[in-house]
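The structure appears right after this line, and notes come after that.
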Amino acid sequence: MDFLDPKIEQYTLQNCEPESELLYELNRQTHLQILQPRMLSGHLQGRILSSYSKALIPNNVLEIGTYTGYSALCMAEGLKKDGIIHTIDINEELTSFTQSFLNKSKFNNQIKLHVGNALDIIPTLKLEWDLVFIDADKENYSNYFDLVIDRVRSGGWIIADNVLWSGKVLKPTDRNDHKTAALKAFNQKVHQDPRVTNLLLPVRDGMMILIKK
C-alpha cells in the first residue's frame, strides 16, 4: 500500500537531499539483483534515518535487519568520529553483496556486520545504545524491544519499521496471519510502555519512533 500520492512522493524526493552515488548504485543493484527489493529503505526513508542520526550524533547504533545495507549506510552519516553501527542479518546469502557495498563506503570501518539470529547475537553486545533500528522478522518485534530497551540510554531512540504493514493493522487479523498480529501487539505494547514516548509516522510502511525517558 502506498500512503502518499505518487506525485506528492516524487515532489518530496525532488526537494530532499539526493542519494549519494554509492546509495544510488546500491539502490539500483538491489533492484536488479536481489529478491524483494521493496525491503530496501530507499531514498526518502534513508534521508529520514540520516537526519535522525545526524541529530542524535550516536556513538553506538544497533540495526536489527541489514538487508543490503542501505539503512546502515544512511545512519552512519551521523555517527561520532569513533562511533560504530552493529548491524545484524540472518540471511547469509546476502553477506557478500552487502559487505561489498559497505566496503566501498567511507564508513566501512564503522559498520560491523553480524550474520546470524539477532535473538542470540543481541545479548552478546554489551553496549549502551543511542539508536536502535528494528527492521527484521515482524513476529519478533516485541522480543527485540524487550532485549534492547534496558540498554538504550535515556534520550536514546528506537525506530521500528513496517508497523502499518500495508494497512493490514486496520483490518481483522486472520488467525494464521502471525506477522500482522505481532505488529498489532507490538504497537499496543510500546504505546502503553511508560519507559518510552512514541510517535507513529505514516512514512513508507509506517515508522514507530520511540524515545527512552
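Just checking, how many residues over segment 162-171 are open to solvent by 30 Å² or more (accessible area, probe 1.4 Å), at positive phi and at pLDDT below 95?
Going through segment 162-171 one residue at a time, the tally reaches 1.
Matching residues to (1) of a type in the set (Val, Ile, Thr); (2) open to solvent by 30 Å² or more (accessible area, probe 1.4 Å); (3) in a helix (DSSP H, G or I); (4) in contact (Cβ under 8 Å) with a residue 60 or more places away in the chain:
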site	(1), (2), (3), (4)
3	no, yes, no, yes
8	yes, yes, yes, no
11	no, yes, yes, no
19	no, yes, no, no
26	no, no, yes, yes
31	no, yes, yes, no
46	no, no, yes, no
50	no, no, yes, no
53	no, no, yes, yes
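I'm trying to understand the selection: among the residues of segment 162-192, which are touching a residue at least 40 places away in the same chain (Cβ under 8 Å) and in a loop (DSSP other than H, G, I, E, B)?
Passing the criteria: 162, 163, 164.
Please work out if residue 212 is surrounded by fewer than 19 Cβ atoms within 10 Å (Cβ to Cβ), touching a Phe, Trp or Tyr at 6+ places or on another chain (Cβ under 9 Å) and either closer than 21 Å to residue 49 by Cα or at pLDDT 95 or above (or both). Steps first, answer last, please.
Working: surrounded by fewer than 19 Cβ atoms within 10 Å (Cβ to Cβ): no; touching a Phe, Trp or Tyr at 6+ places or on another chain (Cβ under 9 Å): yes; either closer than 21 Å to residue 49 by Cα or at pLDDT 95 or above (or both): yes.
Considered against the rule, which asks whether it is surrounded by fewer than 19 Cβ atoms within 10 Å (Cβ to Cβ), touching a Phe, Trp or Tyr at 6+ places or on another chain (Cβ under 9 Å) and either closer than 21 Å to residue 49 by Cα or at pLDDT 95 or above (or both), residue 212 comes out as no.
The values are calculated or read from the model by the stated rules, or taken from the named source; none is laboratory data. Just so it is clear, the model here is predicted, and its values are computed rather than measured. So basically every Cβ, Gly included, is an ideal-geometry build from the backbone, and we count neighbours across all protein chains shown. The area values use the complete protein model at the heavy-atom level, side chains included, leaving out ligands, DNA and RNA. Shrake-Rupley method; radii C 1.70, N 1.55, O 1.52, S 1.80 Å.
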